[in-house]
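To start, the structure under review is shown below, and the notes come after it.
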Amino acid sequence: MKISKEAVQQNRKRVLDTAARLFRERGIDGIGIADLMQEAGLTHGGFYRQFKSKDDLIVRALEGAFADTSKDIESRVAADDKPFEALVRYYVSAEHRDDPGHGCSLAALASDAARDRDGDLAALFGDIVAQYITLLTAILPGTDPERKRAGAVSALAEMVGSLVLSRVVPDPALATEIIETVADDLIARHAAPDA
């Protein structure tokens, strides 16, 4: 029985959404195609009609995840009169830390992408880093473009690093201390223009 183009597109979206969540939760090597397709409620054979390879799926799924995360961040930033603070409070938070499957791919999978130095995944993550730096540069207080860009690079590294560290420590109190300390410090350092 042949399925409609609409059903094919819905199935593809379901696979991409499921893959994006599972890769961020378990890592790229933490989920196989058979388990992924089962989780998506589809047959294993259906995978190869939709994607060239697992690597193709990884890149497509994480492109979609980043697009979704970007829309969420943009709406949060646009709705606040202190956009940098709003972004930091969202990104460096217990909510984000405790839900990697729906969070930023950069914090969840940067080490996986680093092992793919010349591949499509590394290129995607390079684009993600560049887009975050552009966004942070635009929303940081101040007028000096060089200082704003330097602050953006530093802020991104601190935001991602604090989220990763808060996820890896087994002590909940220390995990909370890490994200609260970094968020408060970032906001205090960048509260005043050209501070």
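Which ones in the stretch 54-95 are hydroxyl-bearing (S, T, Y) and either free of Cβ contacts under 8 Å to residues at least 12 places away in the same chain or farther than 23 Å from A183 by Cα (or both)? Correct list: S75 only.
Scanning the stretch 165-182 for residues that are surrounded by fewer than 17 Cβ atoms within 10 Å (Cβ to Cβ), under 24 Å from R26 (Cβ atoms) and charged (D, E, K, R) yields one hit, D171. Of all residue pairs spaced 6 or more apart or on separate chains, those with beta-carbon atoms under 8 Å, a first member in the stretch 32-53 that is touching a residue at least 12 places away in the same chain (Cβ under 8 Å) and a second member that is loosely packed, with under 13 Cβ neighbours inside 10 Å and assigned to a loop (DSSP other than H, G, I, E, B) are M37/T43. Checked against (1) over 15 Å from the mean Cα position of the chain (by Cα); (2) at pLDDT 95 or above; (3) surrounded by fewer than 19 Cβ atoms within 10 Å (Cβ to Cβ); (4) over 23 Å from A61 (Cα atoms), T134 passes all but a single condition, namely (4). Residues in the stretch 1-30 that are surrounded by 15 or more Cβ atoms within 10 Å (Cβ to Cβ) and among the hydroxyl-bearing types (S, T, Y): T18 only.
Would you mind stating whether A155 is touching a His at 6+ places or on another chain (Cβ under 9 Å) and hydrophobic (A, V, I, L, M, F, W, C)? Yes: the conditions hold for A155. With respect to the conditions (1) at pLDDT 95 or above; (2) among the aliphatic types (A, V, I, L, M); (3) closer than 13 Å to E85 by Cα; (4) more than 20 Å from the chain's Cα centre (by Cα), A173 falls short on a single one, namely (3). Candidates in the stretch 52-73 are the residues that are within 13 Å of C104 (Cβ to Cβ), crowded, with 17+ Cβ neighbours inside 10 Å and among the hydrophobic types (A, V, I, L, M, F, W, C); of these, the one that is farthest from the chain's Cα centre (by Cα) is I73.
The values are calculated or read from the model by the stated rules, or taken from the named source; none is laboratory data. This one's a predicted model, so the numbers in the text were calculated from it and none came from an experiment. Here the Cβ is made from the backbone with ideal geometry for all residues, glycine too, and neighbour counts use every protein chain on show.
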